[in-house]
Amino acid sequence: MAGDPHCPAEPLAREGTLWEALRALLPHTKEDLKLDLGEKVERSMVTLLQRATELFYEGRRDECLQTSEVILDYSWEKLNTGTWRDVDKDWRRVYAIGCLLKALCLCQAPEDATTVATALRVCDMGLLMGTAILGDILLKVAAILQTHLPGKRPAHGSTPEQPCIKVDVENPDLEKFPEFAKAPFLSCILSPGEILFIPVKYWHYVRALDLSFSVSFWWS
């Protein structure tokens, strides 16, 4: 998004150290930056992931960024073809690696804090819709990006929030998650024409009883 020439973008905090900090999280070679994906992920997508990784390690930022966008667009469709519990976890891995590559490409040559904020939003989507990969690397990348945004540094000694462990609400494993049985909740059934507002940071679970669609919007 183009900036206002009369209102220059805010400079990066410690710009010179951002890429070094991110690069230190990554494997040294492209062979180590890989995912073991099952047969449900098409061979063409595996090839595309390999190509994107090669482009990244060769320093071909723009081509890697373009390829990661293709990966994200296609895997996004796979994430939204049915109920969440029916989504194959390998496609969540594909989406997460796409988010990782895109965020890293954005930060190879960031022009201002706006670019870093965009990369952070990409990581957030990977954490929300993807799954943990490469030792929770998206969480670590997001924590570093936060420290490089003006006014967004975490308090000394704080640690980033851990991603939630998803529980099957309708059939919970109470041996693995015994406290889930004590969780308070409200339930309702919406009729045609009705709407439900869910406040920020309220956990929720939705099951469609008929043909439907949903729209999510994150207010600023």
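The values are calculated or read from the model by the stated rules, or taken from the named source; none is laboratory data. Everything numeric in this text was worked out from a predicted model, so none of it was measured. Because the Cβ atoms are built from the backbone with ideal geometry, glycine has one as well, and the counts that use them run over all protein chains shown. Please note that ligands, DNA and RNA were not included when accessible areas were found on the heavy atoms of the full protein model with its side chains. Shrake-Rupley method; radii C 1.70, N 1.55, O 1.52, S 1.80 Å.
How much FRET efficiency would the formula 1/(1 + (r/R0)^6) give for LYS176 and GLU39, where r is the Cβ-Cβ distance and R0 is 25 Å, rounded to 0.05? Write out the running numbers ahead of the final one.
Details: r = 27 Å, r/R0 = 1.09.
So the FRET efficiency works out to roughly 0.40.
At full extension, LEU211 and THR147 could sit 18.7 nm farther apart than now, given 0.36 nm per residue minus the alpha carbon distance. Multiplying the residue separation of PHE185 and GLU31 by 0.36 nm and subtracting their alpha-carbon distance yields 50.8 nm. Out of the total accessible area of the range 11-145 (probe 1.4 Å, heavy atoms of protein only), what percent is carbon and sulfur? Solvent-exposed carbon and sulfur of the range 11-145 make up 51 percent of the total. Normalised per residue, the accessible area of the range 16-148 is 49 Å², obtained with a 1.4 Å probe and no contribution from ligands, DNA or RNA.
So which of LYS34/LYS89; LYS140/LYS201; LYS30/LYS140; LYS89/LYS176; LYS34/LYS140; LYS40/LYS201 end up more than 26 Å apart, counting from Cα to Cα? Provide the component values of the computation, followed by the final result.
Values: LYS34/LYS89 15 Å; LYS140/LYS201 21 Å; LYS30/LYS140 19 Å; LYS89/LYS176 19 Å; LYS34/LYS140 18 Å; LYS40/LYS201 33 Å.
Over 26 Å Cα-Cα: LYS40/LYS201.
Net length available on complete extension from LEU128 to PHE197 is 22.9 nm, with 0.36 nm assigned per residue and the Cα-Cα distance removed.
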